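Report on the structure given below.
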Amino acid sequence: MNAPFSPNTASLRRRDFLYGLGSSLGSVAMTDLLAKETAGALAPKKPMHTPKAKAVIMLFMEGGPSQVDTFDPKPALSAKHKLESKRTAGLANGFRFYVGSPFKSRKVGQSGLDMSDQWVHLPEVADELCNYRGCQAESLNHPEALFHMNTGSRLGGDPALGSWINYGLGTENQNLPGYVVMTELALPQGGSRNWSN
């Protein structure tokens, strides 16, 4: 029977050398495998079902075109156009008037998406759009409402929509960010907390 390896021995037997070398290389290989697993957190994952989308472009336009002038016609609002209304909700009280859209709306595509007649070329790709018209906020304050829209929480700091999309779809290039936010010169109310997590 061979004696156990002792670093004090003057000569090193071949069997002991190979045993020590194998142990060392195993730990090096394990370190490399674990590092790749951690670095691949953004790699595409196998979803629970076959995804229909490969990428997402979200247009969130604070102060952009009115929803009634683009994709969300309000027939009841148009019927009350220029009628006086006692405004009780919000930060101010007083008499105001209903204002309907000056544009006509029509249904486009096989899905029957409501779209303003001001969109000339967009109806050609109407069936490729995801139009979300059911957003409601629990707060009258704009920053909290924007946090709610972008993260699902009024308090901010939760993962943003871009994070969830990146989590579900992964990314095609590990050297580029998972999602990008392009803003105007000024950030919206609440600043970058709308998209950071």
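The values are calculated or read from the model by the stated rules, or taken from the named source; none is laboratory data. No experiment lies behind these values; they were computed from the predicted model shown. Note: ideal-geometry Cβ built from the backbone for every residue, glycine included; neighbour counts use all protein chains shown.
A compact table of results
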quantity	calculated
Extreme residue, modelled with the lowest pLDDT, among residues of segment 135-173 that are part of a helix (DSSP H, G or I) and either exposed (fewer than 13 other Cβ atoms within 10 Å of the Cβ) or of a type in the set (Ser, Thr, Tyr) (or both)	167
Residue that is farthest from residue 137 (Cα to Cα), among those in segment 47-97 that are outside any loop (DSSP other than H, G, I, E, B), at pLDDT 75 or above and among the hydrophobic types (A, V, I, L, M, F, W, C)	79
